[in-house]
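Report on the following structure.
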Amino acid sequence: MYNKISLTTVLAALSLTASAINIQTQISIKQPGNAAKVISLKAEGQKLKAANGEALPLDITQEMSQVGDDQVCTISISANATTYFNIGATLATGMKSADSEFYLPGFWYHRNLRSPKEAPAFHTSKSWNFREDRLSSPMTSVYDQASGKSMAIIRCLDKPQEALVTHQEGEVILGGETSLGYLGFDSEADEVKLTFGYPYIETPKRYIRKLTLAAPVVAFAKIEKDETKTIRWRITQADSKDFGQHVTQMWQRCFDHLKPQPLQPRFTPEEMKRGLTNYFRQSYVDNYALKYNSGLTLLTSDCKPFTEMQVGFCGRVLLNAFNAIEYGEQHGEQDLVEMGHAILESFLHNGFTAAGYFHDFVNFKHGFTPDHQVVHSIRQQSEAIYAILLYLKYEKNQGRRHPEWEARIKTILDGFLKLQKADGSFARKYRDDGSDVDATGGSTPSSTSALVMGYRYFGKKQYLEAARKTVDYLEQNIISKSDYFSSTLDANCEDKEAAIAAVTATYYMAAVTKGKARQRYIDLCEQAAYFALSWYYMWDVPFAQGQMLGDLGLKTRGWSNVSVENNHIDVFVFELPHIVKWLGQQKHNQRFLLMHDVIFSSLDQLMPTAERHCGIAVPGFYPEVVQHTTWDYGMNGKGFYNNLFAPGWTIASLWELYSPTRTDNFLTK
């Protein structure tokens with residue numbers, strides 16, 4: 001049958017281990033042109049041999065050793081003849097499938113039931129295996145809600161290597177060396193098993209692009225006669241009061257094991273901002289009723305402006321207009337100042353619906369959507385308020401006032417007071433008359449910063465009270481349940497941006513609150529920050545020669561996956577890094593302080609310059625859909641970008657990263 005290794009004696013020292021660790025292994029051997037043969041293994045001491053007694057072309061050993069409170073499983077394979085193999089294992093956890101939830105960093109949370117059946121989720125299967133490069137940390141883990149116990153397997157990393165393959169499905173022989181294995185879980189039976197192996201497999205489906213599952217793959221590595229391959233995994237256990245604490249503990253253990261270190265930045269913050277200003281100049285559109293920087297649906301091959309304008313989310317038109325004004329005045333670049341003011345002036349006169357809300361989106365091929373058909377999102381309206389209040393505070397500091405703008409923003413904020421539900425939440429999307437389009441409350445924390453800023457700017461206590469109610473809702477329905485979802489607008493699933501919104505909301509409240517209430521917000525902010533950071537890579541995934549990102553030398557540490565539906569990495573940070581640093585100081589959390597440095601030092605790597613375009617046609621247009629694993633947003637796949645991108649938000653995000661005191665200056669001065 002299978003190999004079962006009983007380690008009762010060794011594991012007795014572990015306070016959290018009540019029973020032996022049971023690992024079952026099998027090896028698949030492929031002869032080119034033939035279907036692979038799957039062979040169950042059994043243990044004879046440390047040696048693994050075919051359970052049916054047949055001779056193998058490989059000598060396989062498995063050794064368990066203790067490192068601190070963890071166990072390290074080491075499998076070594078030596079070849080007596082050239083062989084193509086895939087070795088897999090399952091770890092029996094003793095946990096009941098009915099009581100268990102799973103955490104695979106940056107890709108799987110709970111049971112992924114917020115995601116549709118077209119993405120990896122329990123809707124499709126209760127057993128999954130994934131390539132390690134899909135995961136922000138190469139770990140699979142299970143949390144038992146009934147007992148509070150958890151177990152995880154973390155891959156011990158090898159030197160990064162990747163091989164191009166001619167096929168992506170079925171049984172695939174690798175054309176070179178790869179360091180990528182797989183991790184997953186099997187909860188189809190009553191007892192949960194964690195799965196791991198080398199090289200990678202993806203079952204029962206591969207996730208190849210947004211909401212598209214495809215045929216599985218099993219990869220086979222080549223091992224030459226007299227060659228030895230050694231792979232290691234770390235097995236760790238814990239007790240957790242809830243799923244959120246499980247994520248926190250496992251993030252900490254991944255951090256301590258992987259030890260991510262900052263990079264040497266390619267550019268200074270000032271150099272980055274100077275380079276990004278080329279986006280302001282080259283993307284400027286001034287021939288419609290609304291002037292804007294074209295920030296979405298651009299081609300990476302030419303970056304020519306497009307007819308779509310989005311006030312927040314992907315476009316961040318108003319924030320970029322303010323950035324251009326501020327930078328232009330600081331550096332005597334009057335063309336940027338004039339562009340920024342022209343954009344804002346056009347919105348002041350033409351950018352609002354009958355009810356006084358911003359037009360979220362306009363495609364000027366078709367013109368403005370009639371007000372009665374307009375759909376607003378609480379996120380985009382809040383992002384627009386954020387940008388304009390930054391602008392108004394800046395202008396006030398320069399001795400300039402804009403009463404028309406102030407009146408417009410007060411109208412929207414007063415509208416928020418009417419939109420807010422009794423439980424403190426906001427509908428994700430709503431019509432101009434205030435009726436709900438999508439009543440789910442996952443985007444509620446997007447409004448908190450706008451309300452707090454409105455309170456600081458206008459002094460209206462109703463705004464602060466409304467903000468407080470949003471965080472009450474956030475605590476009860478999102479943070480306490482570890483259920484961060486639906487903040488992004490092009491997906492409605494488990495996502496990073498929802499966690500970042502929760503971090504940002506609680507930080508804003510802490511900034512304007514004192515005493516026990518402030519400490520409460522700091523504590524909530526820290527809880528949410530672990531979830532937000534769980535999407536950020538702590539390791540460098542491998543790329544093959546010929547995959548552009550690898551040829552450019554991209555290190556993925558500090559970048560982040562987007563959501564369960566969108567399995568690519570990007571530079572979405574905005575205010576998160578400086579909040580993480582602030583939390584590290586408040587909580588004396590050295591991991592947070594170091595993770596801030598990792599993120600801050602990493603996100604300049606793909607800056608397009610005249611000398612180094614990084615696959616983008618125009619300098620300063622920072623890439624968006626960075627495809628780091630075998631997934632594509634429509635085109636090109638691992639190691640490349642999709643052909644379409646939305647640099648409006650990437651520029652705005654990086655600008656915030658390099659403006660770390662902006663929020664503090666607004667809220668505290």
Original post:
Using 7 Å Cα-to-Cβ label points, what is the ASP242/ALA189 separation (nm, one decimal)?
Top reply: 3.3 nm
**OP:** Please label the shape of the range 269-326 as rounded, prolate or oblate, based on the square roots a ≥ b ≥ c of the eigenvalues of the alpha-carbon gyration tensor (a/c under 1.5 means rounded; beyond that, a/b larger than b/c means prolate, else oblate).
**Re:** oblate
Original post:
Roughly speaking, what is the centre-to-centre gap between the range 523-579 and the range 190-216 when only Cα atoms are used, to the nearest Å?
Top reply: 21 Å
Original post:
Near LYS396, which aspartates and glutamates are there with a Cα under 12 Å away, not counting those fewer than 8 places off in the same chain?
Top reply: GLU406
Original post:
Measuring with a 1.4 Å probe in the full set of protein chains, what accessible area per residue, in whole Å², belongs to the range 44-159?
Top reply: 34 Å²
Original post:
For the range 510-669, what is the convex hull volume of the alpha-carbon atoms per residue, in Å³?
Top reply: 119 Å³
Original post:
Per residue, how many Å² of accessible area does the range 529-669 show with a 1.4 Å probe?
Top reply: 26 Å²
**OP:** Find out how many positive minus negative residues lie around GLY442, taking Lys and Arg as positive, Asp and Glu as negative, among other residues whose Cβ is under 15 Å from that of GLY442.
**Re:** -3
**OP:** Please go through the residue pairs LYS149/LYS496; LYS393/LYS581; LYS418/LYS587; LYS96/LYS229; LYS410/LYS669 and name each one whose alpha carbons sit more than 30 Å apart in this structure.
**Re:** LYS418/LYS587; LYS96/LYS229
Original post:
Of all the accessible heavy-atom surface of the chain, with the other protein chains kept in place and a 1.4 Å probe, what percent is carbon and sulfur?
Top reply: 48 percent
**OP:** Using only Cα atoms, figure out Rg for the range 550-593 and give it as a multiple of 2.2 N^0.38 Å.
**Re:** 1.46
Original post:
So how do CYS493, CYS314 rank on accessible area, 1.4 Å probe, biggest first, that is with the largest at the start?
Top reply: CYS314, CYS493
Subject >> From the coordinates shown, P(r) over Cα pairs in 20 Å bins from 0, in percent corresponds to which of [x] 18, 50, 29, 4; [y] 19, 50, 26, 6, 0; [z] 15, 39, 33, 12, 1 >> reply: [y]
Original post:
Setting aside same-chain residues fewer than 8 positions from LYS365, which lysines have a Cα under 21 Å from its Cα?
Top reply: LYS291, LYS304
Subject >> Contour excess over end-to-end distance, with Cα ends at LYS516 and HIS402 and 0.36 nm allotted per residue >> reply: 37.3 nm
Subject >> Average accessible surface area per residue within the range 198-301, 1.4 Å rolling probe, Å² >> reply: 42 Å²
**OP:** Determine the calculated [θ] at 222 nm for the chain from helices alone, applying -39500 (n - 2.57) to every DSSP H run no shorter than 4 residues and normalising by the residue count; nearest 500 deg cm²/dmol.
**Re:** -10000 deg cm²/dmol
**OP:** Report the net charge of residues surrounding GLN398, where surrounding means a beta-carbon distance below 11 angstrom and charges are Lys +1, Arg +1, Asp -1, Glu -1.
**Re:** +1
**OP:** Using every pair of alpha-carbon atoms in the range 365-423, split the distances into 10 Å bins beginning at 0 and state the percent of pairs per bin, rounded to integers.
**Re:** 18, 40, 30, 11, 0
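The values are calculated or read from the model by the stated rules, or taken from the named source; none is laboratory data. Since the structure is predicted, the reported quantities are computational estimates derived from the model, not experimental observations. Cβ: placed from backbone, ideal geometry, glycine included. Neighbour counts: every protein chain shown. Each accessible area value is taken on the protein alone, full model and side chains, heavy atoms only, with ligands, DNA and RNA left out. Shrake-Rupley method; radii C 1.70, N 1.55, O 1.52, S 1.80 Å.
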